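Read-outs throughout are calculated quantities, based only on the coordinates presented, and are distinct from any laboratory measurement. Only a predicted model underlies this, so the values are computations on that prediction, with no experimental measurement involved. Cβ placement follows ideal geometry from the backbone for every residue including glycine, while neighbour counts extend to all protein chains displayed.
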């Protein structure tokens, strides 16, 4: 059996990747589509997006705020609005996997 891989995002530590994934899934599901993410969750997402393999492209000129929007096949995902007004979706799973 594979050894659990701890994950640290911002000031939070998770014993396993699965714990971090569950945390972010629960965060996503507490918001309705088009709802802006609150300040506390935004701080966490700001740290998480830095782990994304395409972080520089996703962040672009800088992040104005995060929100939730419908994605493919009726699912929801996190999106960010950049300070220039452009928007980009991102996978929280990629943020965990790095």
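Structure values in brief
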{"item": "Residue among 18, 60, 85 with the largest mean-square fluctuation in a Gaussian network model of the chain, springs linking Cα atoms under 10 Å", "result": "85"}
{"item": "Computed E for residue 8/residue 54 - FRET, C-beta separation, R0 30 angstrom, nearest 0.05", "result": "0.90"}
{"item": "Virtual spin-label span in nm between residue 75 and residue 61, 7 Å along Cα→Cβ", "result": "3.0"}
{"item": "Relative contact order %, the chain, counting alpha carbon pairs below 8 Å whose residues are six or more apart", "result": "27"}
{"item": "Structure-based [θ]222 nm, the chain - -39500 (n - 2.57) summed over DSSP H runs of at least 4, per residue, nearest 500", "result": "-10000 deg cm²/dmol"}
{"item": "Cα-Cα pairs of the chain separated by more than 16 Å (percent)", "result": "54"}
{"item": "Three semi-axes of the equivalent ellipsoid, the stretch 46-98, Cα gyration tensor, whole Å, largest first", "result": "16, 15, 8"}
{"item": "On Cα atoms only, tilt of 17-29 relative to the major axis of the chain in degrees", "result": "30"}
{"item": "Acute angle (nearest 10 degrees) that the helix 39-49 long axis makes with the longest principal axis of the chain, alpha-carbon atoms", "result": "70"}
{"item": "For the chain, built as a Gaussian network whose Cα springs stay under 10 Å, the top-fluctuating residue of 30, 17, 43", "result": "30"}
